[in-house]
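Following: one structure in structure tokens, then a few remarks.
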Amino acid sequence: MPESSVLVNRSDLLSYMDVGTSGSESWSLIGEGFTTFTESKNAQEYERHYVHERSSRTDVVGYAPSIEYATDYYTQNPVIAKVAKVTDEELVGSDAQVDICHVHTWDVKPPAEDETPATCVAYKRRYAIIPDAKGDGTDALIYSGSFRAVGDVVKGTFNGTTFTPDTGSAG
């Protein structure tokens with residue numbers, strides 16, 4: 001008998017940013033303060049129309065993912081502190097890049113014998129922080145902008161503290 005489907009809540013898709021120093025991962029939840037965190041895939045298309053057909057054909061040939069963000073500024077929040085530093089100090093290049101891991105908490109992998117926490121399917125990618133505005137609103141200090149993909153996505157698992165790429169995945 002087939003399993004019944006379950007509606008996944010937006011709060012079940014957790015995103016973490018690596019806020020550690022180079023060579024030392026430290027994943028922090030992208031949560032409190034963030035009022036917008038919407039991913040757009042921005043699929044790149046190749047369209048053509050062959051002479052013997054009435055309709056065009058379209059294929060997806062790539063992606064240019066971006067995540068729009070808006071966050072209230074909270075002190076003592078390492079994710080917001082990283083976004084604010086890139087914005088305020090106008091950092092460029094690799095200094096303005098971060099790793100973000102999207103965790104599908106509804107897709108739990110059975111733990112191995114030596115694992116205490118269960119692991120979930122996750123997707124990690126490097127992004128450039130592209131600041132747009134600071135100071136919008138009159139109540140809270142708000143930072144906004146986008147994260148734009150720097151490289152390919154890496155599928156793996158996440159256990160709350162560590163991202164592990166699937167065997168054969170680059171990353």
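The values are calculated or read from the model by the stated rules, or taken from the named source; none is laboratory data. Remember, predicted model here, so these are calculated numbers, not experimental data. Methodologically, a virtual Cβ is constructed for each residue, glycine included, from the backbone with ideal geometry; neighbour enumeration extends over all protein chains shown. We work out accessible area using only protein heavy atoms, side chains counted, and drop any ligands, DNA or RNA first. Shrake-Rupley method; radii C 1.70, N 1.55, O 1.52, S 1.80 Å.
Points to keep in mind about this one:
- Pairs, first over 13 Å from Asp72 (Cβ atoms) in the stretch 28-48, second among the β-branched types (Val, Ile, Thr) and open to solvent by 50 Å² or more (accessible area, probe 1.4 Å), C-beta under 6 Å, six or more apart: Ala43/Val60; Gln44/Val61; Glu45/Thr58; Tyr46/Val61; Glu47/Thr58
- Wholly within the stretch 63-171, strands (runs of 3 or more DSSP E) carrying at least 3 residues that are in contact with a Cys (Cβ under 8 Å, 6 or more places away or on another chain): 97-109, 119-136
- Of all residues in the stretch 27-53, those being surrounded by 11 or more Cβ atoms within 10 Å (Cβ to Cβ), of a type in the set (A, V, I, L, M) and outside any strand (DSSP E or B) number 1.
- Condition met for Ile67 (touching a Phe, Trp or Tyr at 6+ places or on another chain (Cβ under 8 Å) and either modelled with pLDDT under 95 or open to solvent by 30 Å² or more (accessible area, probe 1.4 Å) (or both)): no
- Residue in the stretch 12-19 that is open to solvent by 90 Å² or more (accessible area, probe 1.4 Å) and small (Gly, Ala, Ser) present: no
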